[in-house]
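First comes the structure, then the notes that go with it.
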Amino acid sequence: MILAELTTGALVVFAVIAVALVLFVSEVIPNDVTAIGVIAALVIFEPWTGVGARGAISGFANPATVTIVAMYMLSAGIQATGLVQRLGIYLADVTAGKEFRALAATVCTTGPIAGFINNTPVVAVFIPMITDLAESTGISPSKLLLPLSYAAILGGTLTLIGPSTNILASDFARVLIPGREGIGMFEFSAVGLLVLIVGTAYLLTVGPRLVPARIPVDADAVEEFDLEDHLTVMRVRAESIAVGEPVDEFDEAHPEIRILQLRRGEEAFSAPQTDRVIEADDELVIHGTLQAVNRFRESTGLGQRLRDTVSEESFEEAPTDDVLARAVVPEGSRYVGETVSDTGLSDYHRTAVLAIRRGDEVVRTDLADRTLRTGDLLLVRTTPASIRYFTDTGVLIVADERAYDRLANMDVEAVAPLSPKTPIMVAIMAGVVGIAALDLLPIVIAALAGVFAMIVTGCLRSVDAYDAVSWNVIFLLAGVIPLGLAMEETGGAAAIAAVLVATEAVLPLLAVLLLFYLVTGLLANVITPVATVVLMIPVAVDAAGTLGANEFTFLLAVMFAGATSFMTPVGYQTNLMVYGPGGYKFADFIRVGGPLQLLLAVVTTVAIWVVWGL
């Protein structure tokens with residue numbers, strides 16, 4: 001009956017949504033590109049969607065979009081203070097080598113911080129710190145990295161400026177609920193604090209029994225990526241054709257392998273960047289498949305040192321600045337979508353990619369032609385200078401604190417120096433939060449004023465501010481916002497709401513609210529939380545209106561559900577960031593995150609009902 005009443009416009013919008021969802025899930029093209037396609041499709045089918053060019057691009061001028069841009073910039077300013085980095089280093093002192101203390105320090109520190117700083121950079125800073133903390137306490141880093149991500153997600157429910165979905169929900173409240181000017185900075189903090197407490201208790205009690213130890217304690221990177229057969233030490237015989245050849249030219253002449261190091265007596269040189277000429281009795285550290293190495297040995301007359309195996313320790317013992325490190329490709333990195341050869345890592349940063357872990361898959365061959373994706377874990381041969389570049393620019397997240405050891409020998413002042421502008425930056429951020437909380441200015445204006453203040457006081461360079469923004473997230477957000485407009489215009493939201501409202505015939509109103517939470521949570525784990533919130537909030541508000549229920553209550557249920565996605569690595573970007581470094585399997589997120597998501601669904605639904613009623 002309901003389907004028969006659907007307008008042609010609603011059916012067209014549903015078709016656009018269906019195609020978008022398939023593209024979101026399959027990631028055949030990046031999600032932000034899909035969102036751009038949504039904008040184009042809505043305008044092309046304007047006679048049915050009711051969305052013209054101005055409406056389709058309205059997402060770029062939406063207060064939520066602009067606020068999120070400003071919050072990325074403010075987070076970059078706070079990150080530049082060095083406070084978060086220094087806190088991560090001090091965690092090791094607090095834990096005193098105890099496993100439970102390490103877990104408690106990780107969870108109880110990350111959650112509150114993520115309430116005021118975008119949780120993605122928080123997790124990015126903490127990954128190497130937590131990896132080192134796990135090593136110092138003698139436990140698998142897998143036992144801490146998943147709780148790190150979950151705690152960051154939980155902390156995002158504390159304030160309006162947590163995840164982008166909170167700010168987006170505030171704008172929907174302004175548009176869809178008469179008499180509302182959005183959501184206050186701390187309006188839902190009581191429920192968020194309950195969510196954080198319950199989630200933290202779960203992670204500290206049930207979590208340790210469910211989180212697997214996928215990465216062994218003190219795991220050797222060579223063994224972890226199964227590279228024993230791909231790294232070889234070869235001796236240069238006097239009769240070898242390699243004698244007298246410059247290392248870089250000799251490496252270029254044999255593309256099937258890579259020369260990583262040249263060792264001469266007690267000296268070692270990074271290859272192929274060194275200008276040294278190969279001499280007899282030199283040793284070369286070669287990367288390549290067993291077949292390629294054998295062909296290389298036979299064609300060049302080199303001798304293989306069969307008793308010598310290359311491990312992470314033996315590689316770094318060589319007197320050079322080379323290090324083996326694990327690095328995550330974060331969301332928003334300019335390397336996403338590029339092949340390894342196109343990144344210029346080898347040409348410009350003396351960095352060789354030796355293997356790529358993508359979920360359960362480890363890629364060790366044909367690396368140059370591999371296209372990088374968000375969440376890929378790379379095993380790289382790199383240098384301390386390059387590590388500093390990756391850290392400063394955010395193009396890669398180096399997940400090994402030992403790599404930083406080579407940079408500064410864990411000198412706190414060198415690794416996490418406090419900026420002289422730290423008091424000013426903290427004051428500016430506190431001012432933004434205070435002004436928005438007191439409703440003196442709209443949050444979008446308060447945030448923009450904070451960015452302006454940071455830049456004019458020299459706390460943040462404008463180029464760093466722009467670099468801090470995950471523009472793919474902004475385009476995704478701006479691209480899917482018009483979908484909500486189209487659903488409202490064509491009656492699609494009302495039609496879906498009618499289907500869910502029909503459940504009230506057999507369910508009490510509180511159970512219908514819980515159903516909205518569960519449906520939103522499941523969708524957010526499959527597609528992006530941003531897209532889910534955009535699609536579900538208009539439906540929830542329409543359903544509440546039909547039921548005669550509190551529209552704000554239903555909106556909050558969708559907001560909390562969209563902000564807490566635990567069941568898949570793709571459901572939330574911080575989950576994807578720890579996926580590779582923790583060595584997790586897809587099923588680990590379901591096993592650990594499923595019960596947590598169900599628990600919080602009940603707790604949050606009841607809490608919202610108690611505070612705001614039905």
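Quick look at the values:
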{"quantity": "Cross-link reach list, lysines versus residue 98, counting only Cα pairs under 27 Å and skipping chain neighbours closer than eight places", "calculated": "143, 585"}
{"quantity": "Per-peptide average of other Cβ atoms within 10 Å, ordering 479-488, 595-604 highest first", "calculated": "479-488, 595-604"}
{"quantity": "Antiparallel content of DSSP bridges confined to the chain, in %, to 5", "calculated": "100"}
{"quantity": "Packing-based exposure ordering (other Cβ within 10 Å, fewest first) of 58, 386, 149", "calculated": "58, 386, 149"}
{"quantity": "Selection from 390, 539, 12, by position along the positive dipole direction of the chain (Cβ)", "calculated": "539"}
{"quantity": "Inter-label distance, nm, simple model (7 Å from Cα along the C-beta direction), residue 298/residue 348", "calculated": "4.0"}
{"quantity": "Local electrostatic count at residue 181 - Lys and Arg +1, Asp and Glu -1, tallied over other residues with Cβ under 12 Å", "calculated": "-1"}
{"quantity": "Residues 185, 73, sorted so that the one with the fewest Cβ neighbours within 10 Å comes first", "calculated": "185, 73"}
{"quantity": "Cα-centred dipole magnitude for the stretch 324-411, charges only on beta-carbon of K, R (+1) and D, E (-1), debye, nearest 20", "calculated": "160"}
{"quantity": "For the stretch 324-411: relative contact order, % (alpha-carbon pairs under 8 angstrom, 6 or more apart)", "calculated": "42"}
{"quantity": "Using alpha carbons only: equivalent-ellipsoid semi-axes of the stretch 519-595, gyration tensor based, whole Å", "calculated": "29, 10, 8"}
{"quantity": "Burial ordering of 462, 142, 26, 565, fewest other beta-carbon atoms within 10 Å first", "calculated": "26, 462, 142, 565"}
{"quantity": "Dipole magnitude of the chain, debye to nearest 20 (Cβ charges: Lys/Arg +1, Asp/Glu -1, about Cα centre)", "calculated": "1740"}
{"quantity": "Rounded if a/c under 1.5, otherwise prolate or oblate - the stretch 229-308, Cα gyration tensor axes", "calculated": "rounded"}
{"quantity": "Residue-averaged [θ]222 nm for the chain, counting only DSSP H segments that reach four residues, each worth -39500 (n - 2.57)", "calculated": "-18500 deg cm²/dmol"}
{"quantity": "Extension gain from residue 204 to residue 441, taking 0.36 nm per residue of separation minus the Cα-Cα distance", "calculated": "81.4 nm"}
{"quantity": "GluC sites (Glu not before Pro) within the stretch 123-219: DSSP coil, no more than 15 neighbouring Cβ in 10 Å", "calculated": "181"}
{"quantity": "Label-to-label distance, nm, for residues given as residue 237 and residue 223 (7 Å Cα→Cβ offset)", "calculated": "3.3"}
{"quantity": "Selection from 277, 196, 175, by position along the positive dipole direction of the stretch 157-301 (Cβ)", "calculated": "175"}
{"quantity": "Nitroxide proxy distance, nm - points 7 Å out along Cα→Cβ at residue 338 and residue 471", "calculated": "1.4"}
{"quantity": "The stretch 476-536-the stretch 101-178 distance, computed between alpha-carbon centres (Å)", "calculated": "25"}
{"quantity": "Whole-number percent relative contact order across the chain, with pairs defined as alpha carbons under 8 Å at least 6 apart", "calculated": "20"}
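A short reminder: the numbers here are calculations on the coordinates, not readings from a lab. Just so it is clear, the model here is predicted, and its values are computed rather than measured. Because the Cβ atoms are built from the backbone with ideal geometry, glycine has one as well, and the counts that use them run over all protein chains shown.
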